[in-house]
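Just below is one structure, and these are the notes that go with it.
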Amino acid sequence: MPNSSLVKQLPALRRYARALLGAQQAGDVAVRETLEAMLDGRVEVDVDASPRVALYRAFHQLRMAGRDGTASTEGQPELRADQRLQSLELSSRMAFLLTAMEGFSYAETARILGLGMGQVEAQVMAAQSDIDRQTATRVLIIEDEWLIALDLKTLVGELGHEVVGVAPTRSRAVEMAREGGFGLVLADIQLADGSSGIDAVGDILSSFNVPVIFITAFPDRLLTGERPEPTYLIAKPFLSETVKATIAQALFFHEAERAVAKAGSAGAQEIGRFS
C-alpha cells in the first residue's frame, strides 16, 4: 500500500509519465492506475529500494504487464496509431528518460525496469542514436534570464536545432511568434516584466500547433493536480541531459501526432473518391 514517502514522489512521477506518454491526461491516468494496482496488490512495492525507485518500479511493472508494453490508451487513442511506438523503442525511451530526465543512475534504472546494467546502457545508446537522427526544428525561447537563455540556445544548437529568437516578456514572445517559422517553444513561467510565460504560450497556441516545454524553478506549483498542467516540465537549475531528453521526447510525439493526422487526412480523401 502506498505510504507517505511514496506519495511525496508523485509529482515527479506525473511529470515523467506525461513525458513518456506524450500527453498530460495519458500520464495522469497511468499514475492513477499505478496507485490503484499498488492498493489492490496487483503490483508489489520493492521494500528494499528507495521510495522513489520503488514507485517508478511499480509504475513500470504495470506498464509492461500488457502485451506490447504500452500504457493505458485512455485519453490518447491517436498515439496508438503510430507504429513507431513498438516495445523496443519504448523501452529505449524509458531507459533514456529515467537516466537523462529523472536523474536515476544506471543501477537504479536497471532495478526500475527489471533489466541488466548492460541492457540499460545499450538502450540509452539506442535512444541517443534516435535523437541524433531526429529532424531539426527551429526554437522560440521565452526566458528573461539571459545567462539561462544563452545556455538553452547552446544546448538547442548542440541538438542540431536553430533558435529563432529569445523573448523576455509575454508581449515580445507573441510578437516573435507572429513571424512564424518555429516548431518548438521553451518557456519560463515568470518573465521580466511580471508577465506570465503560461499566458504567452496560451496566446501562441491559439494560432500555432507546436510542442511546448515549460522551465521553472518551482515545478511543484505546476504539478498539484488542481488545474490544467503542462505535459513537458523542466525544473531549474536544469542539467543539459534533461533539456536534451525532454526536447527529443516532445518532438517525437509531435511528429507522431502529425503523421497520424496526415494519415487520417489521406484516408478521408481516399474515401471521398469512392463516395
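Tabulated data for the structure shown
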quantity	calculated
Enumeration of residues in the stretch 66-97 that are modelled with pLDDT under 85 and in a helix (DSSP H, G or I)	PRO77, GLU78, LEU79, ARG80, SER87, LEU88, GLU89, LEU90, SER91
The lone exception for VAL201 - which of (1) modelled with pLDDT of 85 or more; (2) over 18 Å from the mean Cα position of the chain (by Cα) it fails	(2)
Flag for THR135 being part of a loop (DSSP other than H, G, I, E, B) and either under 23 Å from THR231 (Cα atoms) or more than 20 Å from the chain's Cα centre (by Cα) (or both)	yes
Sole residue being touching a residue at least 24 places away in the same chain (Cβ under 8 Å) and within 21 Å of LEU20 (Cα to Cα), chosen from THR169, THR216	THR216
Tally, over the stretch 98-132, of residues that are among the small types (Gly, Ala, Ser), part of a helix (DSSP H, G or I) and surrounded by 13 or more Cβ atoms within 10 Å (Cβ to Cβ)	5
Any hit, the stretch 146-166, residues being touching a residue at least 40 places away in the same chain (Cβ under 8 Å), over 24 Å from ALA235 (Cα atoms) and not hydroxyl-bearing (Ser, Thr, Tyr)	no
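Every residue, every condition in (1) in contact with a helix residue (DSSP H, G or I) (Cβ under 7 Å, 6 or more places away or on another chain); (2) touching a residue at least 12 places away in the same chain (Cβ under 8 Å); (3) within 18 Å of LEU98 (Cα to Cα); (4) in the same structural domain as ALA54 (by TED's automatic domain parsing), yes or no:
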residue: GLN9; (1), (2), (3), (4): yes, yes, yes, yes
residue: TYR16; (1), (2), (3), (4): yes, yes, yes, yes
residue: LEU20; (1), (2), (3), (4): yes, yes, yes, yes
residue: GLN25; (1), (2), (3), (4): no, yes, no, yes
residue: ASP28; (1), (2), (3), (4): yes, yes, yes, yes
residue: GLU33; (1), (2), (3), (4): yes, yes, no, yes
residue: GLU36; (1), (2), (3), (4): no, no, no, yes
residue: ASP40; (1), (2), (3), (4): no, no, no, yes
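The values are calculated or read from the model by the stated rules, or taken from the named source; none is laboratory data. Fair warning: this is a prediction, and the values are worked out from it, not measured in the lab. As a convention, Cβ positions derive from the backbone with ideal geometry for all residues, glycine included, and neighbour counts pool all protein chains shown.
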